[in-house]
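A short write-up of the structure that comes next.
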Amino acid sequence: MQRFSLNGAWVLHGPEPYHTVAASVPGCVHLDLMAAGLLKDLNYRDQEKDQFFIGETDWRYQREFDLAPELLAHERVLLRCAGLDTLATIRINDMIVGYADNMFRQWEFDVQPFLLPGRNFIEVFFAAPMPYLRQMEAEKGALYAWGIGEHRLNSGAWLRKEPCNYGWDWGPESATSGIWRSIELVAFDSARLDQVRVLQNHTMADKVVLTVEGSVERLHDASLTAEITVALDGERVASAAVPVAEGPFSAELVIVSPRLWWTNGLGSQPLYTVQVRLKAGDTALDEWARRIGLRTLTLERHADQWGESFRFAINGAPFFAKGANWIPADPFSARVGRAQFEPLLRAAAAAHMNMLRAWGGGVYEDDAFFDLCDELGIAVWQDFIFACGGYPATDAGFMDNVRAEARDNVRRLRHHASLALWCGNNELEQGLVADNWTATTMAWADYDKLFNLLLPEVVREEDPQRPYWPASPHRPVGDRSVFNDPASGDAHLWGVWHGKLPVESYRETEHRFISEFGFQSFPEPHVVDAFTAPEDRNLTSYIMEYHQRSGIGNATIMHYLLAWFRMPTSTWGMLWMSQILQAEIIRYAVEHWRRHVPRTMGALYWQLNDIWPGPSWSSLDFEGHWKALHYAARRFFGPLLVSGVEDKARGTVEVIVTSDRLVAMDGEVRWTVTTTGGKLLAEGVECVTIAPNGVTPALTLDCAAHLAEAGARRLLVWLELRVNGDAVSDNLVTFAPPKHLDLPGPVIRLDIRPRPDGAWNVTLTSDKPALWVWLEHEQGPIHASDNFFHLAPGVTRHLVVEGASGYLPDLLRVHSLVDVSA
């Protein structure tokens, strides 16, 4: 097989002044115009408006290329397009060779009759998506959707294109066109591998049996052989060779003493390489190679005392899913690869996350995303790309297109160890489906054709060892139109935020698996400075509100802030305070659910990352900096967690230890009761045997006398869990909301020393209790080994600070809660 890449330099043609623009493939029109200096950065101020015309305009990509006669001498030459966005007509040497109308499919066209030895010419014409969608709505009917840029479209559902391209309540509207993934010529003789899949059998002791199955596209009869090898760290551990007759081939390979793949925190992530070579005699015709993990990763649903369980298990061990929802990391997916994915996913792993939900309003991410999740032990809940609206399941052409899309992506991703589940859609069962079609709903009968027949059928055929779940949220027991059932299925809990329920209501929830919940915050001041002008830096300015895509966003942040914290006295303080508020609300919820294992077995907050700079629900901002929430997540998602539940009426604190570890452990809970001024009132140590993979009540502290002495506004209960002498978790419990605490201003001392690796060691001490202590660099964002923590008097905190420019002792500032509203 011979490949000829068509990636690289192309020419983009559009209307004047964009008639002839140097272009790069993979890419898109936006990126090419920005590179040429013809389009401003849409992240800055309201320059997003300057690029709306791109989605209204037709564009042409063209290039020339030279072919040697040897390539054309092959029996078959195909044009393979890994991603065309979206309404494309492809011409070679001025002859139409094919059409495309789905951003998510791989397209192949037999182009041998159109190619010439020597110089050739290719053009990909992209019709404007926005006029097409309006035309489809006019001709076939409008389809309702939530979240999109409603001032420009009713829905994007008539076109298989990234839904959030049209805008969402956390990102810009940037309808793209372009060759967004690789494009190449593929030439071969006799036969090629059509598809390969690997099935695993873990029923034998100390062995895993791999069944490697494949099918072949033949051009004519030939004697073929499939040679299969399995290797670990470059060393072959199994091999087989099987003849390839008519129809599919299959071989079993036994892996002795297998090294199993585990999710983050429960074990290592060894990856085996499976390679299949298709040969005719001694001639190699084609090759397929992928990395796999040996594991079972199952969705366990069974009747229990609370209803029906919903939990994942790795290698037979149930685990609490700790993580977040993933959205596209950039408005232009063509410029996102391993280099962009890696810091975000490593940050997720560093926060002890073991699962991400790849949300259904984005794209099926590149293999680099899944490669990293394989390496880091992050399981992926993968939505098919359907979100928040109705879809034309009555249209045969649409359904055929979706079937091909699903098959392409299931085949592309099914070998990944990290892939945990296929989910049909996001939130359609949350009020967007009814008995009949209406202006705002699709009919259940047609919904079922797509999400309960077509998609699960593809998964059964192509990926039979992986579970399918029809929607998120979904209620599998009883009336499915009654979503967010506490007894079964998964839930999206938005009572806090959209419903304006008090944060304390989280402790009344008893759902089995929370796949969405969240709260917004602003990015830090340096990031705000980058997308605003100085005159914009007020939260109610036009630009700040322009970047707030949730209609209730800023007002809702203020609503909850006033319930828990004091009003900040500056824009600077409001930006940071929003992050502390977000972190505290999500901590409050997650700790509650982790205390209710095994009834609740997952919490995936909305959202991990950002698509552009502005206020959002993310814990990592658009530049990848850790917000207060991400630092908090590393604590509340820790494998061992100590937490406390205060009873204000009785004056007690119930102390609970939650463990993800698969073995029992001995530890000790150290507790201290102080005043907010630092006076010690009581302290103690409780030895505890920590139950494996579960919850252990440690003790109940009676603080009634201390409350009588100091008052609720002046009392702090400090908790610390130690194992083998090491502090593994700490926490703080109060009997009054933070806004009512009587906190004197602490004096926090810093000792800052350089390290040989270019980072800095920073040691902090305080003379009084300092709550939500954080470090800030005068010149830009930094990363600290911990931040937004509570610092008790007499305790020394050792940190490592990375990414700092300049001489850190002159530029590092330390703050705590009292600085924000003083």
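Within segment 220-296, the GluC sites (Glu not before Pro) that combine a DSSP coil assignment with at most 11 other C-beta atoms in a 10 angstrom radius are Glu246. When only the Cβ of Lys, Arg, Asp and Glu is charged (+1, +1, -1, -1), the dipole of segment 270-388 relative to its Cα centre reaches about 200 debye.
Among the protein heavy atoms, those of Val818 account for about 30 Å² of accessible surface (1.4 Å probe, every chain in place).
Is any residue of segment 731-757 close enough, with backbone N under 20 Å, to a label point placed 7 angstrom from the Cα of Tyr807 along the Cα-Cβ axis, and if so, which? Residues passing the 20 Å test: 750-757. Using the Cβ-Cβ distance between Asp395 and Gln305 with R0 set to 56 Å, the FRET efficiency from 1/(1 + (r/R0)^6) comes to roughly 0.80.
All alpha carbon pair distances within segment 745-822 were sorted into 5 Å bins beginning at 0; the resulting P(r) in whole percents reads 3, 16, 29, 25, 17, 8, 2, 0. Scattering from the C-alpha atoms of segment 679-822 alone, worked out with Debye: what is log10 I(q)/I(0) at q = 0.10, 0.16, 0.17, 0.22 1/Å? Values returned for q = 0.10, 0.16, 0.17, 0.22 Å⁻¹ are -0.44, -0.98, -1.06, -1.37. Among the helices of the chain, those built from whole DSSP H runs whose Cα atoms reach 24 Å or more along their own axis and whose mean Kyte-Doolittle hydropathy is at least -0.5 are 571-594.
The stretch between Asp751 and Ala22 holds 257.2 nm of extra length on full extension. This uses 0.36 nm per residue minus the Cα-Cα distance. Packing-based ranking of 410-419, 1-10 yields 410-419, 1-10, ordered from highest to lowest mean Cβ neighbour count within 10 Å.
In the distance distribution for segment 359-412, Cα-Cα pairs more than 18 Å apart total 43 percent. I'd like the accessible area for Lys40, computed on protein heavy atoms only with a 1.4 Å probe and all protein chains in place. Round to 10 Å², please. It works out to around 120 Å².
Each principal axis of the Cα atoms in segment 588-648 has its own extent, and those three values, largest first, are 39, 24, 22 angstrom.
Placing R0 at 22 angstrom, the Cβ-Cβ distance between Lys49 and Ser541 gives a FRET efficiency of 0.85 after rounding to 0.05.
As a rough guide to protection, the peptides 772-783, 295-306 ranked by mean Cβ packing within 10 Å, highest first, stand as 772-783, 295-306.
Under the simplified labelling scheme, the Glu457-Ala35 pair shows an inter-label distance of 4.2 nm, with each label point 7 Å from Cα along Cα→Cβ. The alpha-carbon atoms of the chain define a convex hull whose volume equals 179 cubic angstrom per residue. When the Cα positions of Phe125, Phe65, Pro26 are compared along the charge dipole of segment 1-135, Pro26 comes out farthest toward the positive end, with charges on each C-beta of Lys, Arg, Asp and Glu.
Placing pseudo-labels 7 Å out from each Cα toward the beta carbon at Arg338 and Ser570 gives an inter-label distance of 4.4 nm. P(r) tail, segment 564-603: Cα-Cα pairs separated by more than 15 Å, 52% of all pairs. Along its first, second and third principal axes, ordered by size, segment 653-718 spans 42, 15, 15 Å in Cα coordinates.
The alpha carbons of segment 1-73 occupy a box of 54, 22, 19 Å along the principal axes, longest dimension given first.
Each of Pro464, Ala628, Gln112 was scored by the projection of its Cα onto the charge dipole of the chain, and the greatest displacement toward the positive side belongs to Ala628; charges sit on the C-beta of Lys, Arg, Asp and Glu. With a simple spin-label model that places each label point 7 Å from the Cα along the Cα-to-Cβ direction, the separation between Leu680 and Asp666 comes to 2.6 nm. In the chain, taking the dipole from charged Cβ atoms about the Cα centre, the farthest positive-side position among Val254, Ser578, Val685 is held by Val685. Carbon-plus-sulfur accessible fraction, segment 549-665 (probe radius 1.4 Å, protein heavy atoms only): 57%.
The values are calculated or read from the model by the stated rules, or taken from the named source; none is laboratory data. Quantities reported herein were computed from a predicted structural model and do not represent experimental measurements. Counting neighbours? That spans all protein chains shown, and the Cβs are built from the backbone with ideal geometry, glycine included. To get the accessible areas, we keep the full protein, side chains included, count just its heavy atoms, and leave off ligands, DNA and RNA. Shrake-Rupley method; radii C 1.70, N 1.55, O 1.52, S 1.80 Å.
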